[in-house]
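Notes for the one structure printed next.
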Amino acid sequence: MSRIGRLPIAVPAGVTVTIADDNTVTVKGPKGELSQKVNKDIKVEVVGSEVIVSRPSDSKPHRSMHGLYRSLINNMVTGVTKGFEKGLEIQGVGWRVSEWNKKQLTIAIGYSHPVIVDAPEHIEFDVPDKGQTKIVVKGIDKQQVGAIAADIRAIRKPEPYHGKGIRYDGENVRRKEGKAGKK
């Protein structure tokens with residue numbers, strides 16, 4: 001049995017989980033609503049205040065989908081209750097978020113023009129510090145939050161010689177030595 005797939009998913013108060021006939025799981029909570037189509041072979045059922053995910057056999061495709069769909073449903077329940085956030089940090093002299101609101105960032109990152117990033121639906125931006133070098137991407141969909149954070153990081157990846165660029169909070173950038181002079 002899958003170590004992850006066999007665990008029941010606790011459904012907190014205020015969250016409703018519904019399963020449609022086409023095996024689409026919909027989770028509604030205080031922060032919003034998410035849905036995920038589940039493979040027809042994987043059985044999802046709501047028992048009391050728990051969601052149980054089970055598989056029909058021990059074949060390799062069923063084993064791999066078992067843990068996957070359990071994790072996706074668990075992430076939906078967590079997203080509509082607590083939400084997800086991913087932090088980014090800008091390093092470089094004069095590089096900062098020049099303007100921002102919850103739906104749009106304007107980043108001055110060493111190009112001749114400012115870079116504008118628009119947030120899709122259910123995603124918000126926050127710049128918590130006065131130096132405007134930290135960005136927090138918030139949302140209810142874990143996959144979408146990670147994808148938007150990766151897109152922002154891709155604007156100017158951290159380079160290995162000076163360490164300048166946009167990096168995740170806590171990301172360690174391996175530094176290179178640079179050019180050595182002749183002796």
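The values are calculated or read from the model by the stated rules, or taken from the named source; none is laboratory data. Note that the structure is predicted; figures quoted are calculated from it, not measured. Virtual Cβ from ideal backbone geometry, glycine too; neighbours counted across all protein chains shown.
Just a few scattered comments:
- Scanning the stretch 22-50 for residues being loosely packed, with under 15 Cβ neighbours inside 10 Å, under 15 Å from Thr81 (Cα atoms) and not acidic (Asp, Glu) gives a total of 4.
- Qualifying residue in the stretch 140-154 (condition: in contact with an Asp or Glu (Cβ under 7 Å, 6 or more places away or on another chain), of a type in the set (D, E, K, R) and not assigned by TED's automatic domain parsing to the domain that holds Val17): no
- Test: residue in the stretch 74-87 that is over 30 Å from Leu7 (Cβ atoms), surrounded by fewer than 17 Cβ atoms within 10 Å (Cβ to Cβ) and not hydrophobic (A, V, I, L, M, F, W, C): no
- Condition met for Val44 (in a strand (DSSP E or B), more than 27 Å from Lys138 (Cβ to Cβ) and touching a strand residue (DSSP E or B) at 6+ places or on another chain (Cβ under 9 Å)): yes
- If you go through the stretch 49-70 and keep only what is hydroxyl-bearing (Ser, Thr, Tyr) and assigned to a strand (DSSP E or B), you end up with just Ser54.
Each row is one residue, and each column tells you yes or no for (1) without any contact (Cβ under 8 Å) to a residue 24 or more places away in the chain; (2) in contact with a Pro (Cβ under 7 Å, 6 or more places away or on another chain).
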| site | (1), (2) |
| --- | --- |
| Leu7 | no, no |
| Gly14 | no, yes |
| Ala20 | yes, no |
| Asn39 | no, no |
| Ser49 | no, no |
| Asp58 | yes, no |
| Ile73 | no, no |
| Thr106 | yes, yes |
